[in-house]
Amino acid sequence: MTTGKAPNLRHCECSEAISFFAPRRVERLPRRLRFLAMTAILLAWAGTVQADWDTPTLMKMLAERPAGQVRYSETKHSALLKEPLKLTGTLRYKKPAFLQKHVQTPFEEILSVDGERLTWEKPVAQKKHILALRDYPAIRGFIESMRSTLNGDVKTLERFYKLRLDGTEQQWTLVLLPSDIDMAQFIRVIRISGSKARISTIEIEEAGGDRSIMTLHEDVP
């Protein structure tokens, strides 16, 4: 009596895997083994389709995306608020280091970062403050979670965070876990989600329990 050697799914094409687990062969197996066999086929296929999808690939796609401006809506949840705070405005990015968040409702506030300088403005109150990011490492790390992601700058991101990429090219989530002690005192986790080179949501969970989610909408001409 001779026995055949099962093909190695890691080195065979999907068509060969399907051929190996052909229905007429699978139906001879117990139900549990049939389920495992079909699962192996799906995993082999999924692994082939997403073999090249990883964090460097995503960062390269984001780096190649042109600068621009988008509308956003944001909801903030805090123990200090009786109800969630809803904000709307625009988010503008210009390579390589300019980022501006312009809150337009329910009040006006402008937060701009250009290189190492952060400017905070409240036009109605005629207030303006300028900070040097090098003097505030935690703020710098928070700013880079967005600016370096938009810039596809994985090296800068890894200075402040441990990165994990979940999902597929069509629907992915980049998870940022603070690796810096100062950052970890304020931020528990940041999740940035999107499709291909487009970011759709940015969710922030703070160490104290507050959280916010920003949804990016259509590009602004």
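Any read-out appearing in this document is the output of simple, stated calculations on the displayed coordinates, not a laboratory observation. Predicted model only: the values in this text are computed from it and were never measured. Backbone-built Cβ (ideal geometry, glycine too); neighbour counts: all protein chains shown.
Remind me, relative contact order of the range 146-204 in percent, using alpha carbon pairs under 8 angstrom and six or more residues apart?
It rounds to 24 percent for the range 146-204.
Leaving out same-chain residues fewer than 8 places away, which lysines sit with a Cα under 28 Å from that of LYS60?
Straight-line reach from LYS60, under 28 Å: LYS94, LYS95, LYS101, LYS155, LYS162, LYS196.
Please report the relative contact order for the range 55-219, taking Cα pairs under 8 Å with a sequence separation of at least 6, and give it as a percent rounded to a whole number.
It rounds to 22 percent for the range 55-219.
If each of GLN69 and THR119 carries a label point 7 Å out from its Cα toward its Cβ, how far apart are those two points in nm?
1.5 nm
If the range 55-219 were replaced by its equivalent ellipsoid, with semi-axes equal to the square roots of 5 times the Cα gyration tensor eigenvalues, what would those be, largest first, whole Å?
The answer is 23, 18, 18 Å, longest axis first.
Cross-link partners among aspartates and glutamates for LYS127, C-alpha distance below 16 Å, same-chain residues fewer than 8 apart left out?
GLU108, GLU109
By the scheme Lys and Arg +1, Asp and Glu -1, what is the net charge of all other residues having a beta-carbon under 15 Å from that of LYS82?
0
Using 1/(1 + (r/R0)^6) with R0 = 25 angstrom and r between the beta carbons of ASP182 and GLU83, what's the FRET efficiency to the nearest 0.05?
The calculated FRET efficiency here is 0.20.
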